[in-house]
Amino acid sequence: MLRKNNDSLIAYFSMEIGLTPQIPTYSGGLGVLAGDTVKTAADLKLPFVAITLLTKRGYFEQAIDSEGNQIEYPSNFEPHTMMKLLDVTTYVLIEGKKVYIRPWLYEVKSQTGGIVPVLYLDTDFDLNSHKDREITHYLYGGDSEYRLKQEIILGIGGVRILKEMNLRIWRYHMNEGHSALLTIELLNDNKRSIEEVWDENLVWDPDAVKQLCVFTTHTPVAAGHDRFDYSLVSRLLREDYIPMHVLQRFAGKENCNMTFLAMNLSEYINGVAKKHGEVSRKMFPGYEISAITNGVHSYTWVCPEMAKVYDKYIPGWANEPELFVRVETIPDEEIKNARKEAKKALFDMVFQKTGVRFDLDILTIGFARRATAYKRPHLLFYDLERLIKIGEGKIQIIYGGKAHPHDYEGKKMIKRIFELAKYLKDKIKIVYLPNYNMEIAQRLVSGVDVWLNTPQRPLEASGTSGMKAAHNGVINFSVLDGWWIEGYIEGVTGWSIGKHHSGDDFNIDSTPGDAEDLYNKLEHEIIPTYYNDKQKWCFMTKNSISKIAYYFNTHRMMRRYVTEAYLA
Ligand SMILES: *Cc1c(COP(=O)(O)O)cnc(C)c1O
């Protein structure tokens, strides 16, 4: 039905989309997942259109000064260098005033011939006041008023642009709650006349909207969900769209909760890993919440060195990642050589960016992601004496990651790691790579030996960087949370840290036990295997590819969205 009716599209809304390092309109996991989703839709030739904001000043670019302080400066992206300005405009009302929107088009073209248009909504042009022109400048910048304005542009403006372009939409997929205001526009589009229903409350038909909407939640903590005070909401939206009491019916009485708005108006709701589905069902009783575990776009995240080997032995892997099941047909030597080349390429980059020379023969651990408290980047340093005893001369570590400009805890963590790197420099080589982005991520997840992840359970909804690592034969060493609960087979596909807690474990401080387990595994399993049992190391490398990359890719993920969410 979907295939035949090619003029009816799935509209995928995301506050951030990370497609290439050149377009800085992403901050981390959520945006990169959105980018991988769009690329896969193109590979699979799905009838798809993506809508996001042209935040051309980006999230921010990160420098780190000689004391370890994060310095932030805006990205400088010129859309005309990579995108085409479309000849359509629309507007939304904010505080009763028109704010005009125009879309830039970027086409994602797959090797299969599939093409997915991505629309970047822009308010920075001469029809708007100086202040309104800034609405689409900064990703996650500004205060809650700025954010709500962005969400009006994305949600309501996005639907209006699609209408302006005469595109027929089969499903609206909200990637996180930032775009939930699109439901308001759809409520109005599907309004029934008062003569028909005789009751003002029945004029807005939630069922008609629900049939059109799919919602993916990404955050397992209540505080992480987007909310706004109704004083702000009614000041910006007035009653220009729907009456406030109708909005409150769907978005909550206390404050305007975008997760509730999206959930109450979507037929299909999902979390991004099995565990996250479970946690979400507990957090939101009464809602039917499914789970589709995330993946990564194989072709994007396999480094050139490994891609060459895959091309030779399992041609077609990029559009059929199931072929990774046949990794056993690749001779060990070829994998080992490609791994070594990838490691060397990473070390060249590290040297160029930090002036520190890493040793090719030493076990190298990588850790890079958003610098924030729950990710616990400092877990490795919980007991410094013990780390030195275990790791001196035997390990080296590469860190990376940005802290949100308002996340002072996250910034302190960067500074602390920076200081530890200085303190330990004669015993354990450590660098903090500045400005972690997709480009650096690709080298990092493919060039280290072990990819470490130490989140506080159960706060990692899914996580995806470990899947990228596995695609390159890098072995995961992670806390049992998010996707890793599904991916790990101890000593076969990687190593776990700590126990697998079931039930409500929000308040358990697992840090001491996790640190203990981390040191034990490092000392008794990982270091001895790396230095003394090359054969087992290669066995685990291959299993990372054949058992993790085989499954945790966006091709599998998108096929599930199609059959379970879009065509259901
Ligand atoms: C994949 C990716 C992330 C997500 O990392 P997690 O460890 O899953 O949180 C963040 N930032 C960038 C640049 C990435 O490529």
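Couple of notes before you dig in:
- For the chain, the average shadow cast by the Cα convex hull is 25.4 nm², which is a quarter of the hull's surface.
- Label sites at Leu360 and Trp198, each approximated as a point 7 angstrom past Cα along Cα to Cβ, lie 8.4 nm apart.
- For the stretch 160-179, backbone nitrogen atoms closer than 16 Å to the point 7 Å from Lys98 Cα along Cα-to-C-beta are found at 160-161, 164.
- With every protein chain in place, the stretch 298-553: carbon and sulfur % of accessible area (1.4 Å): 51 percent
- Beta bridges from DSSP with both residues in the chain: antiparallel share about 30 percent, rounded to the nearest 5.
- Order by protection proxy (mean Cβ within 10 Å, highest first), peptides 78-91, 483-496: 483-496, 78-91
- Environment charge at Asn128 (Cβ cut-off 11 Å; Lys +1, Arg +1, Asp -1, Glu -1): 0
- Between the stretch 281-308 and the stretch 337-411, the alpha-carbon centres lie 24 Å apart.
- The chain, accessible area per residue, ligands and nucleic acids excluded (1.4 Å, Å²): 39 Å²
- Label point distance in nm, Glu328-Leu86, each placed 7 Å from Cα along Cα→Cβ: 4.9 nm
- Inter-centroid distance (Cα atoms) of the stretch 200-222 relative to the stretch 454-500, Å: 32 Å
- Linear extension gain, Asp407 paired with Lys534, 0.36 nm per residue minus alpha-carbon span: 41.6 nm
- Projected label distance in nm at Met244 and Asn319, using a 7 Å step from Cα toward the beta-carbon: 5.4 nm
- The accessible-area ordering, largest first, of the residues Glu267, Glu72 stands as Glu267, Glu72, per a 1.4 angstrom probe.
- Sorting the segments 449-455, 415-421, 95-101, 48-54 by their residues' average number of neighbouring beta-carbon atoms within 10 angstrom, most packed first, yields 48-54, 449-455, 415-421, 95-101.
- Each peptide in 200-207, 121-128 receives the mean, over its residues, of other Cβ atoms within 10 Å, and ordering these scores from highest gives 121-128, 200-207.
The values are calculated or read from the model by the stated rules, or taken from the named source; none is laboratory data. All values reported here derive from a predicted model rather than from experimental measurement. Ideal geometry is used to build each Cβ from the backbone, glycine not excepted, and the neighbour counts take in all protein chains shown. Surface areas here come from the heavy atoms of the whole protein model, side chains and all, with no ligands, DNA or RNA. Shrake-Rupley method; radii C 1.70, N 1.55, O 1.52, S 1.80 Å.
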